Amino acid sequence: MPDVMRADLWHSMADAAGLINADGTIGETIYGQMTAFAAQTGAVNLGQGAPGTDAPPELIDAAAQAMREGYNQYAPGQGFPSLLEAVAEQRHHDFGQEVSPEQVLYTCGATEGLTAAILALLPRGGTVLAFEPYYDSYPAAIAAAGGTLVTVPILPTGEGGFAPDWACFEDAVAAPESAPSIILVNTPHNPTGFMFSREDLARIGDAAAKADAWVLTDEVYEQLILDDTPHVPPAVAIEDSARAVTVSSAGKSWNATGWKIGWVIAEPEVREAIQAVKQFLTFTASGPMQIGLARTLTGDSTFISDNRKSLQERAEVLVPACRAVPGVIASTPAAGYFTVVDFSALTDLDAFALNELLARRYSLVGIPVPALCRQGSPAHTAYRSSIRYSFCKSPADVERGAQLFNQLASELRLNPNALRVRA
């Protein structure tokens, strides 16, 4: 039997994503690990960002009707025209982004869209500049493309806020040895919920123009805004919108992460290049779900606003309970699914050991934020004892999580050193 270890690409991708264990075996992603760990310990799972409430009935009914109408074979490689038109209309209606259907490509979720775009647009040996913490598919895709990842930290500002290190950004863009071919912008940002302003994005666009770089976006949380700050797509804010490649999906907005309906928006010739890669990944998928989403995306459903309100209500249950723990700093989520809780004032344990302790003693599981950072980077150091908790779970799970945090707070008032000893 040939030695699988000779196949170097998979190993470099897994290594870039932090999936190589100390003994050389391949581990699951941090999200899979923590989901399994919560089940093993019986803890409430506030880790993976998967909705704990269902997709709206009107969306499910529309997909079921599409199945009955016969949309059960291969969809067109670019996606069904009705979906491409619906996405174009939605971007214009919601964000003022002028899009034609010729610019839209269906992808099997945003992860495939990002991967296909990186494979298509990153030259061999090229650099991608991304903001850190980051989604773990980014380094894997960059490794597959034969590129290098350079990161700029988004750092805590105190009292639950965040900001990019713009000095680091300017240095990274200007450095001859690391000038980016792609600047990857995740807004709203996972895990911090930070939203890049129009001015921030214009700054990024100017830097991209000077470096002759693409601006690749990850906007999957675009509809999940929890304050009054509007989401601004980078393609709307940067002066040269032709260098923007927009990636988003329906999964988070419509509580349908299992449907894997995403899209890339780019100039037609750029979209064609990305489609040339994408067609040899999944080719196509989710035919009736594409039709169902197309019929719902621009309809009169109130689900988006209702879901946003529900998420805000669940955040208002979980975040104050986190803040009840004396000494912690819990972020104020401007958007998305998560609050980031900094325990550094209470413990010398890193986030991995702390997460294990909290699971075994207090039945709480989150995602250690350093798992979303490069080992030894400024962001890795800044988030050393920080854990991401999801309030997108079911109201019952969020309420249970809040009760457990309140119990933890009560115990720490009696024993302030309770989190300084490993489980």
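The values are calculated or read from the model by the stated rules, or taken from the named source; none is laboratory data. Treat the numbers as computed from the prediction; the structure is a model and nothing was measured. Glycine also receives a Cβ, built like all others from the backbone with ideal geometry; neighbour counts cover every protein chain displayed. Just so you know, the surface numbers come from the protein's heavy atoms only, side chains and all, with ligands and any DNA or RNA stripped out. Shrake-Rupley method; radii C 1.70, N 1.55, O 1.52, S 1.80 Å.
Once Lys and Arg get +1 and Asp and Glu get -1 on their Cβ, which of His93, Tyr71, Leu105 lies farthest toward the positive end of the dipole of region 58-114? Of the candidates, Tyr71 comes out farthest on the positive side.
Multiplying the residue separation of Ala163 and Asp15 by 0.36 nm and subtracting their alpha-carbon distance yields 50.5 nm.
The eigenvalues of the Cα gyration tensor, multiplied by 5 and square-rooted, give region 280-394 an equivalent ellipsoid with semi-axes of 34, 20, 12 Å from largest to smallest. What you get for region 151-274, charging only the Cβ of Lys and Arg (+1) and of Asp and Glu (-1), is a dipole of about 420 debye around the Cα centre.
Per residue, the accessible area of the chain comes to 41 Å² when a 1.4 Å probe rolls over the protein heavy atoms. When only the Cβ of Lys, Arg, Asp and Glu is charged (+1, +1, -1, -1), the dipole of the chain relative to its Cα centre reaches about 1160 debye. For region 1-125, a crude dipole built from +1 on the beta carbon of Lys and Arg and -1 on the beta carbon of Asp and Glu, taken about the Cα centre, is about 280 debye to the nearest 20. For the chain, hydrophobic long helices are taken as DSSP H runs at least 27 Å long by C-alpha position along their axis with mean Kyte-Doolittle hydropathy of 1.6 or more; none is present. Rolling a 1.4 Å probe over the protein heavy atoms of the chain, with every protein chain left in place, gives an accessible area that is 52 percent carbon and sulfur.
The lysines whose alpha-carbon is closer than 29 Å to the alpha-carbon of Lys309, local same-chain residues fewer than 8 away aside, are Lys252, Lys260, Lys393. In terms of packing, defined here as the mean over residues of other Cβ atoms within 10 angstrom, the peptides 244-250, 29-35 line up highest first as 244-250, 29-35. The Cα trace of region 197-247 gives Rg and Dmax of 11.2, 34 Å, the first to one decimal, the second as a whole number. Each principal axis of the Cα cloud of region 145-213 was taken in turn, and the coordinate range along them, longest first, works out to 36, 25, 20 Å. Taking amide H as placed 1.01 Å from N in the peptide plane, the amide H of Leu216 sits under 5 Å from that of Ile183, Leu184, Val185, Val245, each at least 5 places away or on another chain.
The string of couplings for region 147-163 from the Karplus curve (6.51, -1.76, 1.60, θ = phi - 60°) is x, 10, 9, 10, 10, 10, x, 9, 10, x, 9, x, 6, x, x, 9, 7 Hz, one whole number per residue in order, with x for Gly and Pro. Once the Cα-Cα distance is subtracted from the 0.36 nm per residue extended length, the Asp8 to Gln73 segment shows a gain of 19.9 nm.
For Ala335, the residues 5 or more places off, or on other chains, whose built amide H falls under 5 Å of its own are Leu226.
If you look at the Cα atoms of the chain, you get an Rg and a Dmax of 21.3, 64 Å. Couplings for region 181-193, taken from phi via the Karplus curve 6.51 cos²θ - 1.76 cosθ + 1.60 with θ = phi - 60°, read 8, 9, 10, 9, 10, 9, 9, x, 8, 9, x, 7, x Hz in order; Gly and Pro are left as x.
Considering only Ala16, Ile118, Thr41, the residue lying farthest towards the positive end of the dipole of region 13-151 is Ala16, judged by Cα position with unit charges set on Cβ. Under 5 Å between amide hydrogens, built in the peptide plane, is the criterion, and for Phe162 it picks out Thr157 among residues at least 5 positions away or on other chains. Largest accessible area first, the residues Cys168, Cys392 order themselves as Cys168, Cys392 under a 1.4 Å probe with ligands, DNA and RNA left out.
Ordering of 67-80, 229-242, 360-373 by packing is 360-373, 229-242, 67-80, highest average first (other Cβ atoms within 10 Å, averaged per residue). Once every DSSP H run of n ≥ 4 in the chain is given -39500 (n - 2.57) and the sum is divided by its residues, what mean residue ellipticity at 222 nm do you get, rounded to the nearest 500 deg cm²/dmol? Estimated from H runs of four or more residues: -13000 deg cm²/dmol. Only protein heavy atoms count here; on that basis, with a 1.4 Å probe, Phe283 has an accessible area of about 80 Å². Peptide packing for 106-113, 52-59, 135-142 was compared via the average number of neighbouring C-beta atoms within 10 Å per residue; ordered from the highest value, the list is 106-113, 135-142, 52-59. With springs connecting C-alpha atoms under 10 Å apart, model the chain as a Gaussian network and identify which of Ala175, Ala202, Ala16 has the largest mean-square fluctuation. Evaluated over the chain, the most mobile residue of the options is Ala175.
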